[in-house]
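Engineer: Take a look at the following structure, please.
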Amino acid sequence: MKRHTFLAAALVVCSAMAHAELLDGNVQTGVSDVQTALEATDDSYVLLEGHLVRSLGDEMYVFKDASGEMQVEIEPEVWRGLDVTTTDRVALYGEIDRDMFSTTLEVEQISKR
């Protein structure tokens, strides 16, 4: 029983450390700009830094960095009360969603830079 408790506690600590690394910008995903993200395979995880330049409504936004623009989906619970304007530099971490006609990023975490 003690072993299971220890393993569960270690898992919680590792999870918290991974989350903290993301918010500090230390996570490496191999994809770091919009141009590469638009070419990434479906379900790939990416970490992008840039600006949310406009809202498209219904949780959809246009994200821009030096390499281009792409649509991103940010659900209400992902914001965690964060107030972001078009001049704020943000980091977005999420999963690429490709279909026949478009490629979007489903944002799982957002932070200001």
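Derivation of every value follows stated rules applied to the coordinates shown; laboratory data play no part. Here the structure is a predicted model, which is why all the values come from computation and not from measurement. Ideal geometry is used to build each Cβ from the backbone, glycine not excepted, and the neighbour counts take in all protein chains shown.
Engineer: Express the relative contact order of the stretch 37-113 as a whole percentage, based on alpha carbon pairs under 8 Å and six or more residues apart in sequence.
Structural biologist: 35
Engineer: What order, most packed first, do the peptides 100-111, 71-82 have when packing is the mean number of other Cβ atoms within 10 Å of each residue?
Structural biologist: Going by the mean number of other Cβ atoms within 10 Å, highest first, we get 100-111, 71-82.
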